[in-house]
Each structure stands twice: as structure tokens, then as C-alpha cells.
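The values are calculated or read from the model by the stated rules, or taken from the named source; none is laboratory data. As the structure is a prediction and not an experimental result, all values here were calculated from the model. Positions of Cβ are generated from backbone atoms using ideal geometry, with glycine treated the same way; all protein chains shown enter the neighbour counts.
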Amino acid sequence: MMHFSLGRLARCTVALAAAGVLAGCAPLVVGGVVVGGTLVATDRRTTGTQVEDQTIELKAADRVKALATLGHVNVVSYNRVALITGEVPSQADKERVGSAVAGVQNVRGVVNELGIGGNSSFGSQSTDAVIGGKVKASLVDTADLQANAFKVVVERAVVFLMGRVTQREADRATEIARSVSGVQKVVQVFEILTEQELAALGAATAGPAPAASAASAPK
């Protein structure tokens with residue numbers, strides 16, 4: 001169950017597949033596999049929002065640690081929407097983590113995809129890192145996509161895709177991720193833009209053309 005009602009996010013879509021079976025318990029670990037952080041210059045978020053997202057992740061990690069619960073929890077924020085992945089022992093722990101993250105300043109939504117069960121093994125996390133690298137490389141190699149528009153998170157071979165993208169980009173990126181060997185499921189956590197919104201965003205990012213310098217100006 002998601003902690004945040006997706007209907008309250010403007011044009012934010014989440015496609016969810018069934019969660020895998022988890023077992024066992026282990027001490028709390030905050031972190032996970034996040035592949036391909038976007039560059040400020042090409043990011044579709046404002047610089048201020050990127051800073052807010054980094055702050056949200058740090059504060060969320062502190063709040064989760066303060067719960068002193070068993071589990072492995074990863075919080076990634078994109079455009080102030082916090083994705084929570086990993087594993088905790090019980091539904092009550094999942095709800096406590098979700099509430100803690102929702103209480104972080106500037107968070108506008110929480111997608112709580114924590115599984116109920118034991119922590120993923122070191123081998124599983126290593127495999128996730130390999131899968132994430134392959135997904136990101138595949139996005140980079142795809143000529144009709146801007147790879148830096150996507151954030152890739154991998155937990156137990158489940159790929160979570162985040163970003164501000166058009167429906168075409170969302171479908172194309174999902175298709176690419178599904179084709180990567182080892183991927184069990186692909187979960188979309190996108191904010192969908194229209195083509196017009198994307199064009200306007202690109203124009204705003206580019207800014208005005210620089211004026212010619214005195215040295216290069218025609219005489």
C-alpha cells in the first residue's frame with residue numbers, strides 16, 4: 001500500500017508490479033543502489049529543487065535511523081517526491097517509515113514500495129548494481145532519449161525509473177529497461193510532461209543566447 005495518494009500528484013504516474021517474496025531479519029541499513037545521478041546543467045528540475053531533493057534524502061535517512069527498526073531502507077527524492085524501497089520486518093514498520101519520510105520538510109509525496117521481509121544479501125545488492133549499470137548504459141545508448149532525464153533505482157532486480165518525462169519517453173525507457181538481462185520488473189515513478197511542456201522547459205533551460213564579445217564582434 002502506498003503512503004501517498006498518487007492522485008494528488010499532478011500528472012505523476014506509477015506503474016507497479018507484484019512485490020517479490022522476502023524472508024528473514026537483519027539490522028537496519030539505510031541506502032541502496034541508485035544509478036546515474038543527473039547533471040545540474042541537463043537536469044529537468046530547477047537547481048533549487050535538486051538541492052531540496054538532496055536535503056530531503058539526508059533528512060529522511062536521519063529520520064529512518066532514529067526509528068531504530070530492523071530493515072534495509074533506501075529513500076530517493078526526485079522533484080520532491082520520495083521513493084522508499086528496501087525491506088522491513090512488518091507492515092507496522094513500513095507504515096512508520098512512510099510516515100517519517102512524509103514528515104520531512106518540502107516532501108510533496110511519498111511512494112512507499114518497501115517489501116515486508118528480511119534484508120537483501122550483499123550478493124543481491126551487488127547484482128542490483130550491475131543491473132542498474134546496464135539499464136543506465138542502455139538509456140545512454142538510446143538515441144531518442146535523454147539519459148540524464150532519468151534516475152534509476154534498483155532493489156532485488158526490480159528497476160524503479162524516476163524523472164520528468166513525456167509519455168513517449170516513459171514508455172520507451174520502460175521498454176529499454178525491461179530488455180536488460182536480470183531485470184524482473186520495471187516500476188515507473190514518473191511525472192508526465194506534455195510535449196509542449198517539455199519544449200518550454202528546454203527553452204527555459206537554454207536561456208538567452210550569449211552576446212558577442214568585443215573581440216568577436218564584426219568591425
>> Restricting to the range 202-219, and then to whatever is over 20 Å from Thr142 (Cβ atoms) and either surrounded by 12 or more Cβ atoms within 10 Å (Cβ to Cβ) or not hydrophobic (A, V, I, L, M, F, W, C) (or both), can you tell me which residue is modelled with the highest pLDDT?
In response: Thr205
> Of the residues in the range 165-174, how many are buried (at least 23 other Cβ atoms within 10 Å of the Cβ) and not in a helix (DSSP H, G or I)?
Replying inline: 1
> Hey, among the residues in the range 21-63 that are among the aliphatic types (A, V, I, L, M) and at pLDDT 75 or above, which one's surrounded by the most Cβ atoms within 10 Å (Cβ to Cβ)?
Replying inline: Ala60
> Does the range 124-144 contain any residue that is surrounded by fewer than 20 Cβ atoms within 10 Å (Cβ to Cβ), in contact (Cβ under 8 Å) with a residue 24 or more places away in the chain and in a strand (DSSP E or B)?
Replying inline: no
>> Can you find, within the range 64-103, the residue that is nearest to Ser120 (Cα to Cα) among those that are surrounded by fewer than 19 Cβ atoms within 10 Å (Cβ to Cβ) and hydroxyl-bearing (Ser, Thr, Tyr)?
In response: Ser90
> Listed residues Val111, Val104, Val159; which is in contact with a helix residue (DSSP H, G or I) (Cβ under 8 Å, 6 or more places away or on another chain), assigned to a strand (DSSP E or B) and free of Cβ contacts under 8 Å to residues at least 60 places away in the same chain?
Replying inline: Val159
